[in-house]
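Novice: The structure's right below; bear with me while I get my questions together.
Bear in mind these aren't lab numbers, they're just calculated from the coordinates by the rules spelled out. Note that the structure is predicted; figures quoted are calculated from it, not measured. Positions of Cβ are generated from backbone atoms using ideal geometry, with glycine treated the same way; all protein chains shown enter the neighbour counts.
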Amino acid sequence: MIRAFHVTKRYGSITALRDVNVQIRPGEFVFLTGASGAGKTTFLRMLYRGELPTSGQLIVDGRNVATLGRREVPKFRRRIGLIFQDARLIDDRSSLENIAFVGRVLGLARGESRRRGMELLKLTGMDHRAELYPAQLSAGEKQRVGLARALMSAPVLLLADEPTGNLDPDTAIEMLRIFRAINRRGTTVVLATHDPDMIAALGCRTLVVEGGRLRSLDRPSEQDVS
Amino acid sequence: MRRSARFVTLCVEEAGRGIWFHRRVVAPALVVMMVSLVVLGAFMLASDNLNAVLSGWRERGQLQVFLAQDATDTQHQLIVAELSRTAAVEEFRYIGPEEAAALFRADFSELGEVLSLLEENPLPGSFAVTIAAPMRSERVLQQVTSELGELPGVEGAQYDLEIIGRLELGIRALRFIGALLGGTVLLAAMVTTANVIRVMVFARRREIETMRLVGASEAVVVGRFLVEGGLQGLLAGVLALIVLLTAYSFGLAYLDPDSLGFLSILPLRFLRPTMIGALLLSGMVTGLVGSWLAFGPGGVRFD
């Protein structure tokens, strides 16, 4: 699903990521961890072509992100589901409208978009909040709506940047359970977090970013990632 | 529904949503566009009505033969004989000085009082001559006017086309001023729309970025703002028409015809459907171009 060959990302004289070599197989659940500013978000941004590598090759879903044409980027992103720490919901739309909008972008009719949006809200346990606006939702509820939105395009890859960062432990565990369920359906999940408990609880492969370098730990202990 | 139709529907819905949710930001651009379209529409209305008068006069094919104050009865009879003999003349009617004064009073009620102040009626007797329909060309009118004007006892002869010519010149000037003024205000409206769209884009950058991250193409993101500009223009056009129609109806209902003077003889009518279409189209194009300017050179960039 993801293959990085000697990927380096520089911002002027600062090197955010250095000579990254990694492979993530389809259907895998991978944690991405590291201290704040270590380069986790930079790596994730490159995966959905929010940033371009300075050098090296990055292949995502069979496409070299560096050579994607301007018009190809939207289609490429429709294969990837994105979840952010702050959910990034559109304020003037209800939960359902936020999700249905993705369906409309994909070319679905309004009714079909709403029907599928409602199904996804049920999946994330948010169907009872379908008509509420982001300002009326708690942080955890926003994240669930964000997750439902990310699933609208039936993505092959789910990228989550600190999705539980603003959540209380119980809600975080519930979110993690939903991520795991989605992964079991075959979707590749890359979840950035600096919560060692969460990583230890699942015991999945973990990519640790340190000083711009990335190393892979197969079944890390809490000590490995703390 | 086909994919392209869904795309257009999505852009229109998004644009409508944008206008509604940001109505306070949109309102100034809408007002500026509406005012410019009202100005343009007012000039179109005036020019169209004057044109209607002109075509009415053209179809009438009339000329006036004014008698000299000292014209004798013999000269009068000679003129009548000449008019009866001229093949191009369909009919003629003598208007005595008293009737001329009465007509003047009826047409210009305020100026009519001036006549009462004078010791003598200064208006001469005249003949209102109608040229036969098939011969109503400028050449025939000129020739007949010239021949009648040289008869003894005739002070002068004048045909409507002279007045029409002068009026046409006036209407052309009116159109020019209208186009210049309307064009200037529309240009200002375009710039205002462009700035409003820019402000809206900057205010919604996060939303736009989110739209792009979920896979919205640039066509959807930019198209929605272009449609938004066009819709704003269309809305401004509709509002301008409402203002014009209200002013027109109010004017017709409440203005005293006597106080209109010369205007009271005009067969007033509101803008024709083609003009209404042109006005709405002007609004849409203004909004669309204004919106395009927001994304044009020096405009908003997403990458």
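Novice: Report the FRET efficiency, 1/(1 + (r/R0)^6), for residue B:13 and residue A:15, where r is their Cβ-Cβ distance and R0 is 60 Å, rounded to 0.05.
Specialist: Taking R0 as 60 Å, the efficiency between residue B:13 and residue A:15 is 0.85.
Novice: Sticking with this one: Taking every residue in B:211-223, how many Cβ atoms of other protein chains lie within 10 Å of its Cβ, on average? It would help to have the intermediate numbers written out before the result.
Specialist: Working: counts 5, 5, 10, 18, 17, 8, 8, 4, 2, 4, 2, 0, 0.
The shielding value for this peptide is 6.
Novice: To continue, here is another question. Give the angle, between 0 and 90 degrees and rounded to the nearest 10, that separates the Cα long axis of helix B:23-60 from the longest principal axis of the Cα atoms of chain B.
Specialist: Once rounded, one gets 20 degrees.
Novice: Using a 10 Å cut-off around each Cβ of peptide B:129-139, what is the average number of partner chain Cβ atoms that fall inside?
Specialist: Taking all residues of B:129-139 together, the mean is 0.
Novice: Still on this model: Taking the Cα centre of segment A:94-226 as origin, sum charge times position over the Cβ atoms of Lys and Arg (+1) and Asp and Glu (-1), and report the length of that vector in debye to the nearest 20.
Specialist: With only Lys, Arg, Asp and Glu charged at Cβ, the dipole is about 720 debye.
Novice: At 0.36 nm per residue, and after removing the present C-alpha to C-alpha distance, how many nm does the segment from residue B:116 to residue B:173 gain when stretched out fully?
Specialist: 17.0 nm
Novice: Another question, then. Considering the dipole of the protein assembly as shown built from charges on the beta carbon (Lys and Arg +1, Asp and Glu -1) around the Cα centre, which of B:135, A:68, A:100 is farthest to its positive end?
Specialist: A:68
Novice: Further, regarding this structure: What are the extents of the Cα atoms of segment B:20-152 along their three principal axes, listed from largest to smallest and rounded to whole Å?
Specialist: Principal-axis extents of segment B:20-152 (Cα, largest first): 83, 43, 19 Å.
Novice: Moving to a separate point now. Other chains' Cβ within 10 Å of B:17-25 residues: what's the mean?
Specialist: Numbers: counts 3, 1, 0, 1, 3, 1, 0, 0, 0.
So the per-residue partner count for this stretch is 1.
Novice: If you fit an axis through the alpha-carbon atoms of helix A:169-184 and take the longest principal axis of the Cα set of chain A, what angle between them do you get, 0 to 90°, nearest 10?
Specialist: Its long axis makes an angle of about 80 degrees.
Novice: No solvent, one uniform scatterer per C-alpha: report log10 I(q)/I(0) for the protein assembly as shown via the Debye equation at q = 0.08 1/Å, two decimals.
Specialist: Taking Cα atoms of the protein assembly as shown as identical point scatterers yields -0.68.
Novice: For segment A:149-173 and segment B:176-196, compute the distance between their C-alpha centroids and round to whole Å.
Specialist: So the separation of the two Cα centres works out to 49 Å.
Novice: Starting from 0.36 nm per residue, how many nanometres of slack lie between residue B:23 and residue B:243 once their C-alpha separation is accounted for?
Specialist: Numbers: separation 220, 0.36 × 220 = 79.20 nm, distance 1.98 nm.
My answer for the length gained is 77.2 nm.
Novice: Which lysines, if any, have their Cα less than 16 Å from the Cα of residue A:142, not counting same-chain residues under 8 positions apart?
Specialist: The reachable lysines, counting only those whose Cα sits under 16 Å from residue A:142, are A:122.
Novice: Could you tell me which residue out of A:52, A:7, A:17 lies farthest along the dipole of segment A:2-71 toward its positive end? Charges go on the beta carbon: Lys and Arg +1, Asp and Glu -1, centred on the Cα centre.
Specialist: Selected residue: A:52.
Novice: Taking the Cα-to-Cβ direction at residue B:81 and at residue A:52 and moving 7 Å from each Cα, how far apart do the two end points lie in nm?
Specialist: 10.0 nm
Novice: Right, something else. What residues have an amide H closer than 5 Å to that of residue B:159, excluding those fewer than 5 places away on the same chain, when H is modeled at 1.01 Å from N in the peptide plane?
Specialist: Answer set, sorted by chain and number: B:64.
Novice: Additional query: What ranking do A:218, B:48 get, fewest neighbouring Cβ atoms within 10 angstrom at the top?
Specialist: Arranged by neighbour count, lowest to highest, A:218, B:48 become A:218, B:48.
Novice: Could you give the nm distance between label points at residue B:219 and residue B:191, where each point is 7 Å from its Cα heading toward the beta carbon?
Specialist: The answer from the label model is 3.4 nm.
Novice: Hey, got the dipole for chain A? About the Cα centre, +1 on K and R Cβ, -1 on D and E Cβ, debye to the nearest 20?
Specialist: 1140 debye
Novice: Still on this structure: Note the angle between two axes, namely the Cα long axis of helix B:138-149 and the longest principal axis of the Cα atoms of chain B, as a number of degrees from 0 to 90, rounded to the nearest 10.
Specialist: Helix B:138-149 sits at roughly 30 degrees to that axis.
Novice: Now for a separate question. Could you give the size of the charge dipole of the protein assembly as shown about its Cα centre, using +1 on the Cβ of each K and R and -1 on the Cβ of each D and E, expressed in debye and rounded to the nearest 20?
Specialist: Using Cβ point charges on Lys, Arg, Asp and Glu, the protein assembly as shown gives about 5020 debye.
Novice: At R0 = 22 Å, how high is the FRET efficiency between residue A:3 and residue A:177 if r is their beta carbon distance? Nearest 0.05 is fine. Can you show the working numbers first?
Specialist: Details: r = 29 Å, r/R0 = 1.32.
Rounded to the nearest 0.05, the efficiency is 0.15.
Novice: Something else: Given B:229, A:81, B:240, which one lies farthest toward the positive end of the charge dipole of the protein assembly as shown, if we put +1 on the Cβ of every Lys and Arg and -1 on the Cβ of every Asp and Glu?
Specialist: So the residue furthest toward the plus end is A:81.
Novice: For the residues A:33, B:9, what sequence is obtained by ranking on other C-beta atoms within 10 Å, fewest first?
Specialist: Working: A:33 24, B:9 14.
Ordered from fewest to most neighbouring Cβ atoms within 10 Å, A:33, B:9 come out as B:9, A:33.
Novice: Among A:46, A:198, which comes first, then next, by fewest other beta-carbon atoms within 10 Å?
Specialist: Ordered from fewest to most neighbouring Cβ atoms within 10 Å, A:46, A:198 come out as A:198, A:46.
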